[in-house]
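Heads up, the thing below is written out as structure tokens.
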């Protein structure tokens with residue numbers, strides 16, 4: 001994210017709120033930041049578990065680190081549009097936090113790399129504005145499982 005990015009302050013403040021809630025173990029604030037209204041919904045439970053409960057989570061080191069390295073990334077297309085004087089109406093960024101001492105040269109190079117696999121040296125959250133009037137900035141957590149989707153046993157390419 002360039003220093004003059006029009007949504008930099010919003011992205012940074014949402015990232016800071018996320019980190020503060022994560023470190024404090026504040027489940028209700030994390031639910032609010034994700035705009036989750038139903039704590040019992042399966043996806044919401046998975047996200048909260050990944051953030052606060054699981055010992056194999058990529059967020060374990062970030063919860064314990066008071067000052068992890070952080071990078072906020074924005075879409076290259078949006079940057080190009082901004083340079084041409086066209087302003088996006090909806091902020092979007094990807095906030096990534098280093099799980100190790102130093103992530104220099106190890107940050108994600110694409111959105112696909114921000115999938116929160118345990119093998120990555122970082123963990124990431126999306127920050128986006130909801131796309132309806134009055135929508136707020138929310139955190140959007142990619143929940144990866146460390147592998148691509150398995151091929152089905154039976155399909156058009158694998159008939160029985």
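Bear in mind that the values in this text are calculations on the coordinates, not laboratory data. Keep in mind the model is a prediction, meaning the values are calculated, not measured. FYI the Cβ positions are ideal-geometry reconstructions off the backbone, even for glycines, and counts take in every protein chain you see.
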Inter-site label distance for residue 42 and residue 64 at 7 Å from Cα along Cβ, in nm: 3.2 nm
Mean Cβ count within 10 Å, highest first, over the residues of peptides 12-22, 36-46: 12-22, 36-46
Peptides ranked, highest mean first, by Cβ atoms within 10 Å: ranges 118-131, 49-62: 118-131, 49-62
Descending semi-axes in Å of the chain, equivalent ellipsoid built from Cα gyration tensor: 26, 22, 19
Value of [θ]222 nm, deg cm²/dmol, for the chain, DSSP H segments ≥ 4, -39500 (n - 2.57) each, nearest 500: -8000 deg cm²/dmol
